[in-house]
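Here's the structure we're looking at; comments come further down.
The values are calculated or read from the model by the stated rules, or taken from the named source; none is laboratory data. None of these values were measured; they are calculated from a predicted model. All Cβ positions, even for glycine, are placed from backbone atoms using ideal geometry, and neighbour counts span all protein chains on display. Ligands, DNA and RNA are stripped out before the accessible areas are found, and what is left, the full protein with its side chains, is counted by its heavy atoms. Shrake-Rupley method; radii C 1.70, N 1.55, O 1.52, S 1.80 Å.
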Amino acid sequence: MEPEAVQHPPWYVEPNEGESISHYFGRFRRHEAVCVSSPGTLSKAAGIGPVLARWEKFRFNPVPSQKELEAIAKLIGLDADKIVQMLPPQGEKMKLEPIRLCAACYAEKSYHRLEWQFQSTVGCVGEARRRHRHKLRLLSECPFCKERFAIPALWEQGKCNKCHTPFRSMKKRQKAY
């Protein structure tokens, strides 16, 4: 007997491996079956107050509670454990600003990695946590116009908000370390 396939709601969005919670919720809010413009609308619908707006900016103080995680998970049709995977591990300090990017990784798979915002991360992390794959320093601004990157929840097109240079083409301007 074959195992039953998991039935997801039409608004289900699968998280990418290592994807930041900010980028994930931006994708979720833009999904054609969702179309929610602000994180506050989702937070309110889940009954958890304005926490999602903080999470999208990597502000995890106070740490998300199990009640908050379960409420948002139920609303979006995702297991709470998958949301926990998009949060920093206990004890890992986050770099709130500037938002950082490995354009080489982004060119391979276009999403923001949580590890790029760890204070302990200086260069490309690659697919496996802490494995320096490309040996490139992370970018914290567009190398062409010097505009800082927006929070990943707003990365709809994968390009600089000011000069519109695609993130994937910025890898030529990343420095080795």
Contact list, first residue from the range 50-69 and touching a residue at least 40 places away in the same chain (Cβ under 8 Å), second anywhere and of a type outside the set (Phe, Trp, Tyr), beta-carbon distance below 6 Å, six or more apart or interchain, is 56/22; 56/39; 56/151; 56/153; 57/151; 58/94; 58/96; 58/117
Scan the range 85-97 and tell me whether some residue there is closer than 30 Å to residue 169 by Cβ, surrounded by fewer than 14 Cβ atoms within 10 Å (Cβ to Cβ) and within 16 Å of the chain's Cα centre (by Cα).
yes
If I go through the range 133-155 residue by residue, how many of them are within 30 Å of residue 52 (Cβ to Cβ) and in contact with a Gly (Cβ under 7 Å, 6 or more places away or on another chain)?
5
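Applying the selection to the range 140-166, what residues are of a type in the set (Phe, Trp, Tyr) and within 15 Å of the chain's Cα centre (by Cα)? Steps first, answer last, please.
The first filter runs over the range 140-166 and keeps only residues of a type in the set (Phe, Trp, Tyr), leaving 144, 149, 155.
The answer is 149, 155.
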For residue 135: the one exception among (1) open to solvent by 80 Å² or more (accessible area, probe 1.4 Å); (2) touching a residue at least 60 places away in the same chain (Cβ under 8 Å); (3) touching a Cys at 6+ places or on another chain (Cβ under 8 Å):
(2)
Kindly evaluate residue 63 against the criterion of being surrounded by fewer than 14 Cβ atoms within 10 Å (Cβ to Cβ), closer than 26 Å to residue 170 by Cβ and more than 16 Å from the chain's Cα centre (by Cα).
no
Quick one: count up the residues across the range 140-171 that are open to solvent by 80 Å² or more (accessible area, probe 1.4 Å), touching a residue at least 60 places away in the same chain (Cβ under 8 Å) and either assigned to a strand (DSSP E or B) or not hydrophobic (A, V, I, L, M, F, W, C) (or both).
3
Taking the range 8-45 as the search range and keeping residues that are open to solvent by 20 Å² or more (accessible area, probe 1.4 Å) and part of a helix (DSSP H, G or I), which one is nearest to residue 116 (Cα to Cα)?
27
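Quick grid of which residues meet (1) among the aliphatic types (A, V, I, L, M); (2) exposed (fewer than 15 other Cβ atoms within 10 Å of the Cβ); (3) part of a loop (DSSP other than H, G, I, E, B):
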site	(1), (2), (3)
67	no, yes, no
73	yes, no, no
81	no, yes, no
99	yes, no, yes
Under 7 Å between Cβ atoms, at least 6 apart or on separate chains: pull out the pairs that start in the range 87-115 with a residue that is under 23 Å from residue 176 (Cβ atoms) and end on any residue that is among the β-branched types (Val, Ile, Thr) and not in a helix (DSSP H, G or I).
99/151; 113/125; 115/121; 115/125
